[in-house]
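Below is one structure; the comments refer to it alone.
The values are calculated or read from the model by the stated rules, or taken from the named source; none is laboratory data. As the structure is a computational prediction, the values presented were derived from the model and not from experiment. Cβ sites come from the backbone with ideal geometry, for glycine too, and all protein chains shown count toward neighbours.
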Amino acid sequence: MIRHPRYKIGRRLGSIVYEKCQTPKFALAKERTGVKDRRPRGKSEFGTVLLEKQRARLMYGVPERQFKRYVQEIIREGGANQGEALYKKLETRIDNTVFRLGLAPTRAAARQMVSHGHILVNSIKLTIPSQEIEEGDTISIRQGSLNKKIFSELENKLKEVQVPNWLKIDVDKKEAKAAGLPRLDQGAPLLNWSGILDFYKR
């Protein structure tokens, strides 16, 4: 698991990076220090895309080596929409999917949830957070895990969460389905996805 001083990184890269930095507590701390949530000015093109890459990598909690491998695979495969391909690869990780469904409050918590075997995909237990789901896959909670504290008041939490368009959730059954795949024009984080790939093409 990646551990960093999150408030410090949030002030440098923006609150988009960590869920912890999207709270009133962080906003108050930032106000006290006089730090504005904006991208640094006056940086070179290289410096700008470097920060974008760091934002994306830390947001999804992916180690540098694995993130680089993702990009290299996409570049090798080619295609016209490589930026969207990178977004899809990150967004369809099972840990991110669990987070998007509202089963976990943060991506870090979702990774732990998957690692501990609480999540099923097509009725099969997964313990690898980087596993990617595909269109048509069903995501559910292992029956033996439903009485765990982390899933207390689950129905109320699921009713409040706004899931992405590509995911469909059944609150009564406590399961969800990947009805499609993520698209950049459907609420993707505001990052320079094509610029991130260009960073690795240098």
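Whenever a residue of segment 142-160 is at negative phi, its partners that are among the basic types (Lys, Arg) and not in a loop (DSSP other than H, G, I, E, B), lying with C-beta atoms within less than 8 angstrom and at least six residues away or across chains, give the pairs 142/125. Among the conditions (1) farther than 16 Å from residue 93 by Cβ; (2) surrounded by 15 or more Cβ atoms within 10 Å (Cβ to Cβ), residue 167 misses just one, which is (1). Can you name the residue in segment 99-116 that is more than 12 Å from the chain's Cα centre (by Cα) and among the hydrophobic types (A, V, I, L, M, F, W, C) and, of all such residues, is farthest from residue 138 (Cα to Cα)? Filtering first and then ranking leaves 113. Looking at 141, 133, 150, 119, just one residue is surrounded by 14 or more Cβ atoms within 10 Å (Cβ to Cβ) and farther than 16 Å from residue 104 by Cα, and that residue is 133.
Somewhere in segment 116-136, is a residue touching a residue at least 60 places away in the same chain (Cβ under 8 Å), under 16 Å from residue 181 (Cβ atoms) and outside any helix (DSSP H, G or I)? No, there is no match, as no residue in segment 116-136 is touching a residue at least 60 places away in the same chain (Cβ under 8 Å), under 16 Å from residue 181 (Cβ atoms) and outside any helix (DSSP H, G or I). For segment 170-201, give me the residue count where each residue is in a helix (DSSP H, G or I) and exposed (fewer than 14 other Cβ atoms within 10 Å of the Cβ). The qualifying residues number 1. Return a yes/no flag: does segment 145-154 have any residue that is touching a Pro at 6+ places or on another chain (Cβ under 9 Å) and outside any loop (DSSP other than H, G, I, E, B). No.
Taking the numbered list (1) modelled with pLDDT of 90 or more; (2) more than 15 Å from the chain's Cα centre (by Cα) in turn, residue 163 passes all entries but (2). Within segment 64-98, the residues that satisfy the criterion of being among the basic types (Lys, Arg), closer than 15 Å to residue 53 by Cα and more than 14 Å from the chain's Cα centre (by Cα) are 65, 68, 69. The test for being free of Cβ contacts under 8 Å to residues at least 40 places away in the same chain and either crowded, with 19+ Cβ neighbours inside 10 Å or hydrophobic (A, V, I, L, M, F, W, C) (or both) does not hold for residue 101.
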